[in-house]
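Enquirer: A single structure is presented below for examination.
The values are calculated or read from the model by the stated rules, or taken from the named source; none is laboratory data. Computed from a predicted model, the values in this text were never measured in an experiment. Cβ coordinates were reconstructed from backbone atoms using ideal geometry, including for glycine residues, and neighbour counts include every protein chain displayed. Areas reflect the complete protein model, heavy atoms only, side chains present, ligands, DNA and RNA absent. Shrake-Rupley method; radii C 1.70, N 1.55, O 1.52, S 1.80 Å.
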Amino acid sequence: MFDGVKNTLKLIPVTVSAEKNVVSVVFQELSVCGISVEEEVYKIFNATSDWAQKTSYHCDEAKDGTWFYYLETIDECIGEVKRLVSFEIQKSGQANHTSELSQMVSAKAFENAYTHFIEQATRNAESKKAQGSKVPYGFKKRPNCDGADFKAQYGQGTPSAAPYMNWWVVSIYYLPKNGNIIMGIEEDRYPHLKEIQIKPLRYERIGNKKVNTAVFYAAHKTYVNYGELYEKFLQVCEEVMRLGLK
């Protein structure tokens, strides 16, 4: 559990420690949560009331006013801890990343851009007409961010089975037919894909693509968590920046 949580949170500025059967996550000297490994379940405790209302799991209130709940599998628990930590850091407004990308694309601008993108792509799919701009909403056309820029956005102004918006080789696809949102990197577009420390959830072919895409985030548009998608977007983009494009 300790290794799993630490590896999952390694790109986030938190301290992960373990003592006996308890793993603790601390952000700027404040406890974010604890995880106790019990016989058949994993207990997440010390959660805030804000998170208790946000998570999809049932939480119980402890005597000290914090909240706790149980999960059955280690993978489920690690994923939930990642979401909890990202939520608390975003709530504090003190998320920290290794590049200038987060300064250029705020969480609010990111959500606004992709909300409009999905709305436009849905209208295009329904009308079969080319409408809308190819430049992402709310983003600078040529931002000064580590020498890179957002390229032309293909598929947004044209009806498509898998329209997408991208930054360098990282793309966020929207599939109007089933409503799924997928963030990934096409396997043949990035030679360092296998070296990325953040491992993809799976590989799959998207739309009419002939190559596999490494999928790092996937959700239906009804349930997409833009905060979580934004964090994953930054992490994967910064890994690309760290490894380079050549």
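Enquirer: On the phi > 0 side of the Ramachandran plot and loosely packed, with under 12 Cβ neighbours inside 10 Å: does that describe Glu29?
Expert: In short, yes.
Enquirer: Which one of these does Asp50 not meet: (1) in a strand (DSSP E or B); (2) surrounded by fewer than 17 Cβ atoms within 10 Å (Cβ to Cβ)?
Expert: (1)
Enquirer: Just the residues that are open to solvent by 50 Å² or more (accessible area, probe 1.4 Å) and in contact with a Lys or Arg (Cβ under 7 Å, 6 or more places away or on another chain), please, taken from the stretch 170-217.
Expert: Asn212
Enquirer: Continuing with the same structure: What's the total number of residues in the stretch 30-40 that are out of contact with any Ser or Thr (no Cβ under 9 Å at 6 or more places or on another chain) and either within 30 Å of Glu238 (Cβ to Cβ) or assigned to a loop (DSSP other than H, G, I, E, B) (or both)?
Expert: 3
Enquirer: If you go through the stretch 232-246 one residue at a time, do you hit one that is over 23 Å from Pro13 (Cβ atoms), open to solvent by less than 40 Å² (accessible area, probe 1.4 Å) and touching a Leu at 6+ places or on another chain (Cβ under 6 Å)?
Expert: No, that holds for no residue.
Enquirer: Here is a follow-up. Within the stretch 18-52, count every residue that is free of Cβ contacts under 8 Å to residues at least 12 places away in the same chain and among the acidic types (Asp, Glu).
Expert: 3
Enquirer: Kindly evaluate Leu9 against the criterion of being in contact (Cβ under 8 Å) with a residue 24 or more places away in the chain, within 18 Å of Ser86 (Cβ to Cβ) and either hydrophobic (A, V, I, L, M, F, W, C) or touching an Asp or Glu at 6+ places or on another chain (Cβ under 7 Å) (or both).
Expert: The answer is yes for Leu9.
Enquirer: Next question. Thr55: open to solvent by less than 60 Å² (accessible area, probe 1.4 Å), touching a residue at least 40 places away in the same chain (Cβ under 8 Å) and within 23 Å of Lys108 (Cβ to Cβ), yes or no?
Expert: Here the answer is no, as Thr55 does not meet what is asked.
Enquirer: Could we say that Lys43 is surrounded by fewer than 18 Cβ atoms within 10 Å (Cβ to Cβ), touching a Ser or Thr at 6+ places or on another chain (Cβ under 9 Å) and among the charged types (D, E, K, R) here?
Expert: yes
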